[in-house]
Every structure is written in C-alpha cells, then in structure tokens.
Amino acid sequence: MNLVTVGLGIFFIIYGITTYILRLYKPGFFWKLEPMKQKWGEKRGYFIHVFSYSILPVVLGIVYTILGVRD
C-alpha cells in the first residue's frame, strides 16, 4: 500500500465533494463560474465547471485510492 497515493486520492475525493456541497449552498463562492457561463453559455459553462471542479476530482480520487491500495 502506497500511503502517499492513498492520501492524494482521499484528498481529491474530499475536495470534489466539498466543492459540490459549496456549489449547492454558496454558489457565489466560485468566482470562476460566472466567467465560464459568459464564455460558454449558461448550461455548458455550468456543466464544465461542475465537471472540472467536482466530478473529475472525485473520479481521480477513487482511481488514486484504488491504485494506492493495490500497490
């Protein structure tokens, strides 16, 4: 087991979940969200932001954690 890789995985999972929860309760906290909406449109900008800052870190965190445990 590689503790560094597992630690990074857990960090990414917590980061992704935290950004998702903050997005629900404090959407004004994300200063990059509005420029992304203006550049790519309301729905597409929001999706890109959610994917980049919430979904992708959780997926990478799961992968890193699995790889760290298997190592």
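The values are calculated or read from the model by the stated rules, or taken from the named source; none is laboratory data. A quick note: this is a predicted structure, and the numbers were derived from the prediction, not measured. Note that each Cβ is placed from the backbone with ideal geometry, even for glycine, and that neighbours are counted across all protein chains shown. Protein only, heavy atoms only, side chains kept; ligands, DNA and RNA dropped before computing areas. Shrake-Rupley method; radii C 1.70, N 1.55, O 1.52, S 1.80 Å.
Determine whether PHE12 is open to solvent by 80 Å² or more (accessible area, probe 1.4 Å) and either at pLDDT below 95 or not charged (D, E, K, R) (or both).
No, not satisfied.
From the list VAL4, VAL50, exactly one residue is assigned to a helix (DSSP H, G or I) and either modelled with pLDDT of 95 or more or among the aromatic types (Phe, Trp, Tyr) (or both). Which is it?
Working: VAL50 fails: either modelled with pLDDT of 95 or more or among the aromatic types (Phe, Trp, Tyr) (or both).
Exactly one residue qualifies, and that residue is VAL4.
Taking GLY45 as the residue in question, decide whether it is small (Gly, Ala, Ser), surrounded by 14 or more Cβ atoms within 10 Å (Cβ to Cβ), at pLDDT below 95 and within 17 Å of the chain's Cα centre (by Cα).
Details: small (Gly, Ala, Ser): yes; surrounded by 14 or more Cβ atoms within 10 Å (Cβ to Cβ): yes; at pLDDT below 95: yes; within 17 Å of the chain's Cα centre (by Cα): yes.
So GLY45 fits the description; yes.
Do you know which residues across the range 50-62 are farther than 10 Å from ILE13 by Cα and touching a residue at least 24 places away in the same chain (Cβ under 8 Å)?
Within the range 50-62, the subset farther than 10 Å from ILE13 by Cα is 50-53.
If the condition is that a residue be farther than 10 Å from ILE13 by Cα and touching a residue at least 24 places away in the same chain (Cβ under 8 Å), then VAL50, TYR53 are the ones that fit.
Being open to solvent by less than 70 Å² (accessible area, probe 1.4 Å) and of a type in the set (A, V, I, L, M) narrows it down to one residue among VAL59, VAL50, VAL4, VAL69; which is it?
Working: VAL59 fails: open to solvent by less than 70 Å² (accessible area, probe 1.4 Å); VAL4 fails: open to solvent by less than 70 Å² (accessible area, probe 1.4 Å); VAL69 fails: open to solvent by less than 70 Å² (accessible area, probe 1.4 Å).
Step by step, each of VAL59, VAL50, VAL4, VAL69 is checked, and only VAL50 is open to solvent by less than 70 Å² (accessible area, probe 1.4 Å) and of a type in the set (A, V, I, L, M).
When you check LYS37 against the structure, is it surrounded by 16 or more Cβ atoms within 10 Å (Cβ to Cβ), of a type in the set (Lys, Arg) and either modelled with pLDDT of 95 or more or out of contact with any strand residue (DSSP E or B) (no Cβ under 9 Å at 6 or more places or on another chain) (or both), yes or no? Explain how you work it out, then say what you get.
Details: surrounded by 16 or more Cβ atoms within 10 Å (Cβ to Cβ): yes; of a type in the set (Lys, Arg): yes; either modelled with pLDDT of 95 or more or out of contact with any strand residue (DSSP E or B) (no Cβ under 9 Å at 6 or more places or on another chain) (or both): yes.
Criteria met by LYS37.
Among the residues of the range 30-42, what is the count of those that are in a helix (DSSP H, G or I) and farther than 13 Å from TYR53 by Cα?
Taking the range 30-42 first, the residues in a helix (DSSP H, G or I) are 33-40, 42.
Within this subset, residues satisfying the condition of being farther than 13 Å from TYR53 by Cα are 34-35, 37-40, 42.
Of the residues in the range 30-42, 7 are in a helix (DSSP H, G or I) and farther than 13 Å from TYR53 by Cα.
Could you list, in sequence order, all residues of the range 15-29 that are farther than 15 Å from VAL63 by Cβ and part of a helix (DSSP H, G or I)? Show your work before the answer.
Here is the first cut: in the range 15-29, the ones farther than 15 Å from VAL63 by Cβ are 17-29.
Selection gives ILE17, THR18, THR19, TYR20, ILE21, LEU22, ARG23, LEU24, TYR25, PRO27, GLY28, PHE29.
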